Each structure stands twice: as structure tokens, then as C-alpha cells.
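Here the structure is laid out as C-alpha cells; the discussion comes afterwards.
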Amino acid sequence: MEIKKKDIRALTKDQLRNFFVEQGDKPFRGNQVYEWLWRKSAHSFEAMTNISKETRSMLENAFVINHIQVDQMQKSSDGTIKNAVKLHDELIVESVLIPTETRTTACVSSQVGCSLDCKFCATARLKRMRNLNPDEIYDQVVAIDNQSRLYFDRPLSNIVFMGMGEPLMNYNNVLKAIDKITLPEGLGMSPKRITVSTSGVPKMIKKMADEEVKFNLAVSLHSAIDEVRTSIMPFNATFPLKDLREALEYWYAKTKNRITYEYVVWKGINDTQKDVDALVKFCQFAPSKVNLIEYNPIDDGEFQQASDAALQMYQDTLQKNRIIVTVRKSRGKDIDAACGQLANKS
Ligand code: SF4
């Protein structure tokens, strides 16, 4: 009977050190292998050239190194790159590199598909198959960092968890991946350059506040009126705005970090003065920033970008109330890489 080998990257550094002690070797060997696995992103034991041949073959017999593969890469006319990423079990997720003049941002996935059912989102049409492991999230970042160096001659500068899936529904693995991304033995990136974007899971927002995480929080709000939000994000019926707001107040009291809201204004859905007034009322309790994101229709047009006049009304009202507002042009539209468009169509 074939014995299923364990993924070596599921081991913590201490577990790896202990493994070598049990083999009669030095704990330091664990540090060396750990460095190969994470900082150097080795995809084979063969590549670990400062480890003896015998040790490498012992590892080969005991473990596998599961790793992702960029199966397909598409480049947009605006420089955006979309990757179809194959996982060790053949499932596919997508990640995106978004270049601007001053930064390169990786938009990464946290789940295969999504269990939430946001009506405007292409990923919602894919059933949630499973959560991504920490190494699968980490590898997406490494792949995009490599592409950034190759095509734009600079390292990756920012990461947003805005790809496929709801990151707070895969909280432990997302946190473990962020640890690896930020620790010197991983990529050594500042947590301030990482943003976890959630559709708003109150219990998990409070947990993040209690754990004093150092990365940024963004909330995909899209409406501050319960009936409207529930009609486009049905889970709002379970986690209504009152609970979300209470969790965000808790977050702010603990972290004193500004809250960013992602917000799309759609024609006939949330484009009236009443909608923007509700938004102002919702976010006034803490320093806030609202990103008004351009929308990319995903099919027959139930959701259409609102008029310029409606967008201007949002900007004017928010500014009048001293809330920072930015308008985000969508990137990678021609390759279905824009917000809400990731759906494994490539
Ligand atoms: S918008 Fe995010 S949370 Fe909502 S269905 Fe899409 S991937 Fe899931």
C-alpha cells in the first residue's frame, strides 16, 4: 500500500527542528531546510544544495513539497497580469498583479470558489471547494513578486486579499500565510503593506482586533442600508449592519487604525442621496476612507456602473463630511481580472 507523504510545509519551524532531532541530527538542520522551503521557495529537495545527499533522500522518502504552478498567464493592455494558478490537487484559483507608476500590488485568493453569494461577483458562481493552505497563499505572492521583478524591474510593494474567497472564512490559514510573508525568514514585507479585504464577518473582525494584527482592514460595504445590502450581499441578513458596525467600533477602539471601505455605486441600486447619507452616517464613528471602485459588468447587465453625476454626488457628500474618498479605476478589464471578475474563465 502506498503511504501518503506529508506536505513538509505544513510543519512549523519547531516541528521541523524536532523532526531532525528525532532523526539523530542537529536542530539547526531544521532551520536550514525551513529557509529553503520559505525564504528560498525551493520546490524540490534536490535544490537544497547545502544539505547532504543522504538527508535530502531521507526527506524525499518522508515528505512532499506541495507547490502551486502558474498554469496560464494573461497580460492586459494596461500591464495587469492575471495568473491561473494550479494547486497540487489540480484545482485552479486566480491571482492578479496590478502595476501602477509607484507600486506593484498582488491581489491574491484565499479560497477555491466562495461560500458567500454576492450577486455582483463572478466568483460567487463557483461553489466553495476548499480553503487554501498557507503555503498556497504564500506561493501566489512569491509568483507575483517574481513577475514584478521580471516585467517591471521592481519588487512587489503591496498585497491585497481581494481575490477569490472570503479571507476571514479561512482566517487561520490567511494569518499563517501573512506571518510567512512578513517574517524575515519569509519575504520580510511590512504588514502595513498588506490589506485584508472582507465582506464583513463581525466575529472575525473582533478576533483580529483582539489579536492586535498589524495589517490593514478593508470592508466591502457597497451599501449602508440593510435592505439594499441584503439584496446584493445576502449574508447581510445573518450579519446585519448593526453587528458589522459594532465589530468595527471594537476594531477601532483596539487598533486606532483607519478603516477603509470598498464601495461600488450601481445604477438604480445605491446611487441616490439617501444611499450616500447612510454611508456617511455608518462610517463617521472612526477615521475612514472610502474607495469608490469602478464596476465591470459580469454578464447580462443587472449590475451597471452608476452615472458620473452619481459618483460626483458621492464624492462631494463624503468630502463635505471630511471622509477621505478615492475613485479607483478598474484594471485588467480586457482579461477579466478586474474586481469581481475572477471566475476561472481563462
Ligand atoms: S465578493 Fe468576495 S465574498 Fe462576495 S462572493 Fe465574491 S469572493 Fe465571495
Practice prompt. Taking H placed 1.01 Å from N in the peptide plane, check which residues at least 5 places from D71 or on another chain put their amide H under 5 Å from its amide H.
Written response: A84, V85, K86
Worksheet, complete the sentence: Applied in sequence order to region 20-37, the curve 6.51 cos²θ - 1.76 cosθ + 1.60 (Karplus, θ = phi - 60°) yields integer Hz couplings, x standing for Gly and Pro, of 5, 4, 4, 7, x, 9, 8, x, 4, 4, x, 4, 4, 5, 4, 5, 4, 5
Worksheet item: Between K256 and L150, what is the label-to-label distance in nm when each label sits 7 Å out along the Cα-to-Cβ direction?
Response: 4.4
Item to complete: For E302 paired with K242, estimate the spin-label separation in nm (one decimal), with each label point 7 Å from Cα along the Cα-to-Cβ line.
Response: 2.8
Worksheet item: At what distance in angstrom do the alpha carbon centres of region 147-162 and region 288-321 lie from each other?
Response: 27
Discussion item. Test of understanding: what is the full-extension gain from F285 to Q273, defined as 0.36 nm times their sequence separation minus their Cα-Cα distance?
Written reply: 2.3 nm
Discussion item. What FRET efficiency comes out for V21 versus E60 if R0 is 25 angstrom and r is the Cβ-Cβ distance? Round to the nearest 0.05.
Written reply: 0.80
Worksheet entry | Degrees, to the nearest 10: 53-62 long Cα axis against longest axis of the chain | 60
Practice prompt. Between T100, T49, T255, find the one with the highest GNM mean-square fluctuation for the chain; connect C-alpha pairs within less than 10 Å.
Written response: T49
Fill in: region 1-43 and region 237-260: distance between their alpha carbon centers, rounded to Å
40
Worksheet item: Taking the simple approach of a point 7 Å from Cα along Cα-to-Cβ for both H43 and T12, what is their distance in nm?
Response: 3.0
Fill in: From phi via Karplus (6.51, -1.76, 1.60), per-residue ³J(HN,Hα) for region 208-220 in Hz, x at Gly/Pro
4, 5, 4, 7, 6, 5, 9, 7, 8, 10, 10, 10, 7
Worksheet entry | Residue-by-residue Karplus 3J(HN,Hα) for region 283-294, coefficients 6.51, -1.76, 1.60, Hz, glycine and proline x | 9, 6, 6, 8, x, 9, 9, 10, 9, 7, 9, 5
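Can you compute the helix-only [θ] at 222 nm over the chain? Use -39500 (n - 2.57) per DSSP H run of at least 4 residues, normalise by all residues, nearest 500 deg cm²/dmol.
-10500 deg cm²/dmol
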Item to complete: Report the full-extension gain for the segment E101 to D179: residue separation times 0.36 nm, less the Cα-Cα distance, to one decimal in nm.
Response: 25.3 nm
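Computed from the coordinates by the stated procedures, all read-outs in this text should not be read as laboratory data. Because the structure is a prediction, the values reported are computed rather than measured. Cβ coordinates were reconstructed from backbone atoms using ideal geometry, including for glycine residues, and neighbour counts include every protein chain displayed.
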